[in-house]
Amino acid sequence: MRYLAGIDIGGTKCAVILGKETDSKEMDILDKVKFPTPGQPEQAVGQLADALETLLGRHPRAVPEAVGISCGGPLDAEKGLVLSPPNLPGWDRVNILAPFRERFHVPAYLQNDANACALAEWRWGAGRGTRNMVFLTFGTGLGAGLILNGKLYGGADDMAGEVGHVRLDSSGPWGYGKQGSFEGFCSGGGIAGYGQERVRAYAREGLATLLLEERDRIEDITAEDIADAALRGDRLALAVMEHAGRMLGRGLAMLVDILNPERIVIGSIFLRQEKLLRGPMEEEMDREALEINRRSCRVVPAGLGEQIGDYAALSVAAAGAQ
């Protein structure tokens, strides 16, 4: 049995987690503190360290063996530097590890959030028991964490897994700075943008849709609105979600043929909207992927559910301290 601390840094919220790894290598979350991400990095780091101090005060026997930090990239994980992620303005070459090492006198480790989620799902979630697994975030953006031959794969610059930047079509929604990108089709922003475009076309033709009836402004329509309308049978919303599912399948087929994984685990939007996305996704994968590779790979929702961010941060600590 050992105790571990996790720090989850996001663009809108942060969390500090205290966990206990049992003798059977399961992870129990003992306690957690969360708060909106402060505007300045120095303030955020101080507040995170204070929150960990609070947790340790509540659990005086839970002395952590290591601290793991999960944060959006780009990062230099080895040096512990946060390198101006787009969702964390002002975080330019912030050394995130040193303050925790110095204050708590324990090792501290850093990973980007997609890699951290991949580690968590591989250790404790839907990827358990595999040697080759891909995790996709499929939330605000689209990134991947790669477990290859039983190890996390980072690549030459720790930038492996940036699948959202791959162009799937010559036209389509913008995502990750590129029109027709995987992220443009398969992310919260991408689905919303494509849905808004289709709603405008409906409005010009005078066609009815719940998405026009329930929002004052087309620009306010979100991916959640589209999924909700689709589940209530709205034809336009169903078409938008089917399109997202087909593009998801196209991107997954590429990953299946290149990496030949046993399992692809997908979080966030897929976890919540699997019913809408799986059918068209599977059809496209069957059409695009090599048959032998396709047979070897299962696509499943994240096993850790909405707590994946907590487990992700703890998995960084666990991997570093093993």
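The values are calculated or read from the model by the stated rules, or taken from the named source; none is laboratory data. Since the structure is predicted, the reported quantities are computational estimates derived from the model, not experimental observations. With ideal geometry, Cβ positions are generated from the backbone for all residues, glycine too; neighbour counts draw on all protein chains shown. Quick note on the areas: whole protein, heavy atoms, side chains included, nothing else; ligands and nucleic acids left out. Shrake-Rupley method; radii C 1.70, N 1.55, O 1.52, S 1.80 Å.
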> Among the residues of region 76-133, which ones are within 21 Å of the chain's Cα centre (by Cα), in a strand (DSSP E or B) and polar (S, T, N, Q)?
Replying inline: 111, 112
> Can residue 32 be described as free of Cβ contacts under 8 Å to residues at least 60 places away in the same chain and either open to solvent by 70 Å² or more (accessible area, probe 1.4 Å) or small (Gly, Ala, Ser) (or both)?
Replying inline: no
>> So the check is Cβ under 8 Å with 6+ separation or different chains; which pairs have a first residue in region 264-284 that's touching a residue at least 24 places away in the same chain (Cβ under 8 Å) and a second one that's among the aromatic types (Phe, Trp, Tyr) and assigned to a helix (DSSP H, G or I)?
In response: 277/270
>> With the structure loaded, tell me whether residue 217 is open to solvent by 40 Å² or more (accessible area, probe 1.4 Å), closer than 15 Å to residue 237 by Cα and either out of contact with any helix residue (DSSP H, G or I) (no Cβ under 6 Å at 6 or more places or on another chain) or touching a residue at least 40 places away in the same chain (Cβ under 8 Å) (or both) or whether it fails that test.
In response: no
> In this structure, is residue 23 charged (D, E, K, R), open to solvent by 80 Å² or more (accessible area, probe 1.4 Å), without any contact (Cβ under 8 Å) to a residue 24 or more places away in the chain and within 16 Å of residue 123 (Cβ to Cβ)?
Replying inline: yes
> What residue, among those in region 220-270 that are in a strand (DSSP E or B) and either open to solvent by 40 Å² or more (accessible area, probe 1.4 Å) or in contact with a Pro (Cβ under 9 Å, 6 or more places away or on another chain) (or both), is farthest from residue 183 (Cα to Cα)?
Replying inline: 263
> When region 138-149 is examined, which residues are found to be open to solvent by 20 Å² or more (accessible area, probe 1.4 Å) and among the small types (Gly, Ala, Ser)?
Replying inline: 141
> Of all residues in region 36-75 being out of contact with any Pro (no Cβ under 7 Å at 6 or more places or on another chain), among the aliphatic types (A, V, I, L, M) and assigned to a strand (DSSP E or B), which is surrounded by the fewest Cβ atoms within 10 Å (Cβ to Cβ)?
Replying inline: 75
